[in-house]
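To keep things clear, I will list the structure first and then write my remarks on it.
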Amino acid sequence: MQDFVDHSFENISSISHSLNLLHKFQNVLQRESLKADLDSKLNIIFLNYGLELEKTQQLYEKLKQDPPIPRNLPPVAGNITWSRHLLKRIEEPMKQFEANQNVLAGKDAKKIIKMYNKIARTLVAFEFTWYKAWVQSIDQAKTGLQATLIIRHPDDNKLYVNFDRDIFQLIREAKCLDRMGIEIPESAKIALMQEEKFKTFYRQLNWALTEYDRIVAEVIPVTAMVLRPHFKDMEWKLRPGMTTLTWTSLNIDPYINHVHSGLNKLQELVSCINDIIENRVEKNLKIVSKTLLVDLPEDSSFTVSDFVVMQQSHISGQSRLLQGKNMEIENAVNDLVHQIETYQFESQIDGVPEKDISKLRGHYNHFMYQALLFSAKNSMNALKKRIGSRKGTNIINASKPFFEVGVQLIPPFVSLSPSLDEIQQCINRSAQAVLSCYKKIVDWGYSSLPKEKRASHTFFDRITKDIELVKTALLLTGCIQGIRKTV
């Protein structure tokens, strides 16, 4: 038994563990010889405790400037927790040694006790220093509550929530220190009680500004100019948070509700405008630009008279389609302008200038002209391609001849029926019909005029001034001349 006890205390790795083991032996072993030996073991543990004190002092001196802190603790609570851990490490064994006065009466006891008192005082002072510095910083941290709710960044000109992070740090410290049983000053308690309110305001304002940036990003560039007053009106609603309201104001809730209401209203306007442009303007413009005014089947041949009648009929139908799409796009732009102009401003800001509205109308009117011009060019080029000669074309893939022409041999002459001049005249009439179609497409702003006055306000003049279209029309009027010598 003696050997077992000696072996158990040969390597003392932990003072607390050794004291607990000694206490268990004392409760079990009743022989006087063994009790005396256990008392000697206590002296050995006490001497090792002195070495432990030296290690604790060295550890403190090494890490006191930057002690290891748990991730979930703020700086002050983390430093105090570390110092309390070191104090507990030396304090609990000393309480057990104090129960045995024989140990404290030893020759080295005074030195160890003196070292213990010095380290304990140092650790308590370390905690008090951190606590005192934190208490003194509370008022400075709370000055952040006097800041305005929102601020505009000078670099990117964007709006940000102006909440001092030191407030959240103060609240975290107060919460942790309170759990540790440390007295919290009244000013810190007030901030702690308002934690949920501050977090709610911060989240709501942050969402509002993020939503505002998102709505701004959704604006189609061409409408940015006419929507400028609307966004100025929204910033007017945000302005109290940039000038007068602070985090201690009592009317933050109504302000946030007002901002959210304004954002919803602005979002509805921008969504409506984008929907009109995407689904009523741009889709119709694509349809117009892809519309072919001529019907040119690859697998059919026609007589001259049939071809003219067929093209005139097709062009007439396509002309009605284009005029219908033209009116749809014009009405869509009018609805767009109506949405912009009838928006109710809460501020005394001026409405959208008429020149900006005119620019917007002119922009989409020009797009309509470009779509019609594209349709005209495609139609002319398709007609030119279909009736043009195809030298070297693969016989299998060759298109069926366009016109049915009779050939009569009357030596020494060859007679064609219809003649080349009649075919050329047919092509000319088809090209003229394509261009004349635009006389029926009324330019914007003149649809309400009487029919006789509308005739002078169509897209025809603008379309026929295009140089490329004129060149294509001239080539068509002389396309048959190129094959006259080969017949």
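The values are calculated or read from the model by the stated rules, or taken from the named source; none is laboratory data. Model, not experiment: these values are computed from the prediction. All Cβ positions, even for glycine, are placed from backbone atoms using ideal geometry, and neighbour counts span all protein chains on display. Note: areas computed on protein heavy atoms with side chains; ligands, DNA, RNA excluded. Shrake-Rupley method; radii C 1.70, N 1.55, O 1.52, S 1.80 Å.
Scanning region 456-470 for residues that are open to solvent by 70 Å² or more (accessible area, probe 1.4 Å), farther than 15 Å from K377 by Cβ and not hydroxyl-bearing (S, T, Y) gives a single hit, D461. Is it the case that some residue within region 342-349 is free of Cβ contacts under 8 Å to residues at least 60 places away in the same chain and among the β-branched types (V, I, T)? Taking every residue of region 342-349 in turn, at least one turns out to be free of Cβ contacts under 8 Å to residues at least 60 places away in the same chain and among the β-branched types (V, I, T).
Is it the case that I113 is touching an Asp or Glu at 6+ places or on another chain (Cβ under 9 Å) and among the β-branched types (V, I, T)? Full working, then the answer.
Working: touching an Asp or Glu at 6+ places or on another chain (Cβ under 9 Å): no; among the β-branched types (V, I, T): yes.
No: the conditions fail for I113.
Scan I112, I44, I69 and give me the residue that is modelled with pLDDT of 75 or more, hydrophobic (A, V, I, L, M, F, W, C) and not in a loop (DSSP other than H, G, I, E, B).
I112
Count of region 224-251 residues, restricted to those that are open to solvent by less than 30 Å² (accessible area, probe 1.4 Å) and more than 26 Å from the chain's Cα centre (by Cα), is 4. Checking L21 against (1) farther than 30 Å from R179 by Cβ; (2) modelled with pLDDT of 55 or more: exactly one of these is not met. Which one? Every condition holds for L21 apart from (2).
Does at least one position in region 441-455 carry a residue that is surrounded by 19 or more Cβ atoms within 10 Å (Cβ to Cβ), under 17 Å from V294 (Cβ atoms), modelled with pLDDT of 80 or more and within 57 Å of the chain's Cα centre (by Cα)? Looking through region 441-455, at least one residue is surrounded by 19 or more Cβ atoms within 10 Å (Cβ to Cβ), under 17 Å from V294 (Cβ atoms), modelled with pLDDT of 80 or more and within 57 Å of the chain's Cα centre (by Cα).
Does F97 meet the test of being at pLDDT below 85 and out of contact with any Gly (no Cβ under 7 Å at 6 or more places or on another chain)? Step through it out loud before you land on a result.
Details: at pLDDT below 85: yes; out of contact with any Gly (no Cβ under 7 Å at 6 or more places or on another chain): yes.
Yes.
Close contacts from region 360-386, counting a first residue that is free of Cβ contacts under 8 Å to residues at least 40 places away in the same chain and a second that is open to solvent by 60 Å² or more (accessible area, probe 1.4 Å), with Cβ to Cβ under 9 Å and a gap of 6+ residues or different chains, come to none at all. A count restricted to region 179-202 and to residues that are of a type in the set (V, I, T) and assigned to a loop (DSSP other than H, G, I, E, B) stands at 2. Pairing residues of region 308-319 that are without any contact (Cβ under 8 Å) to a residue 24 or more places away in the chain and of a type in the set (S, T, Y) with residues that are open to solvent by 10 Å² or more (accessible area, probe 1.4 Å) and not in a helix (DSSP H, G or I), at Cβ distances under 9 Å and at least 6 apart in sequence or on separate chains, gives S313/D295.
Can you say whether R390 is over 26 Å from S436 (Cβ atoms), modelled with pLDDT of 90 or more and not small (G, A, S), as far as the supplied structure shows? Steps first, please.
Values: over 26 Å from S436 (Cβ atoms): yes; modelled with pLDDT of 90 or more: no; not small (G, A, S): yes.
No: the conditions fail for R390.
Residue pairs whose Cβ atoms lie under 7 Å apart, sitting 6 or more positions apart in sequence or on different chains, and linking a residue in region 190-206 that is over 22 Å from Y160 (Cα atoms) and modelled with pLDDT under 95 to a partner that is part of a helix (DSSP H, G or I) and open to solvent by 60 Å² or more (accessible area, probe 1.4 Å), are L192/K175. The numbered conditions (1) in a helix (DSSP H, G or I); (2) at pLDDT below 90; (3) over 46 Å from the mean Cα position of the chain (by Cα) are all true for G106 except (1). Taken together, L336, L296 contain a single residue that is assigned to a loop (DSSP other than H, G, I, E, B) and over 17 Å from F459 (Cβ atoms), which is L296.
The set of residues in region 161-175 that are outside any loop (DSSP other than H, G, I, E, B) and either farther than 28 Å from L73 by Cβ or free of Cβ contacts under 8 Å to residues at least 24 places away in the same chain (or both) comprises R165, A174, K175. Filtered by the rule that a residue be open to solvent by less than 30 Å² (accessible area, probe 1.4 Å) and not hydroxyl-bearing (S, T, Y), region 186-220 gives A188, A191, E195, F198, F201, L205, A208, L209, I215, V219.
Report yes if some residue within region 206-219 is within 21 Å of the chain's Cα centre (by Cα), small (G, A, S) and closer than 24 Å to L245 by Cβ; otherwise report no. Among the residues of region 206-219, at least one is within 21 Å of the chain's Cα centre (by Cα), small (G, A, S) and closer than 24 Å to L245 by Cβ, which makes the answer yes.
Tell me yes or no: at least one residue of region 323-331 is surrounded by 13 or more Cβ atoms within 10 Å (Cβ to Cβ) and in contact with a Ser or Thr (Cβ under 6 Å, 6 or more places away or on another chain). Scanning region 323-331, I find no residue that is surrounded by 13 or more Cβ atoms within 10 Å (Cβ to Cβ) and in contact with a Ser or Thr (Cβ under 6 Å, 6 or more places away or on another chain), so the answer is no.
If you take the residues in region 133-160 that are part of a helix (DSSP H, G or I) and small (G, A, S), which one is surrounded by the fewest Cβ atoms within 10 Å (Cβ to Cβ)? If you could, list the steps in order and put the result at the bottom.
From region 133-160, those part of a helix (DSSP H, G or I) are 133-146; that's our starting set.
Narrowing the set further to residues that are small (G, A, S) leaves 133, 137, 141, 144.
Values: A133: 11, S137: 15, A141: 21, G144: 17.
Here the residue is A133.
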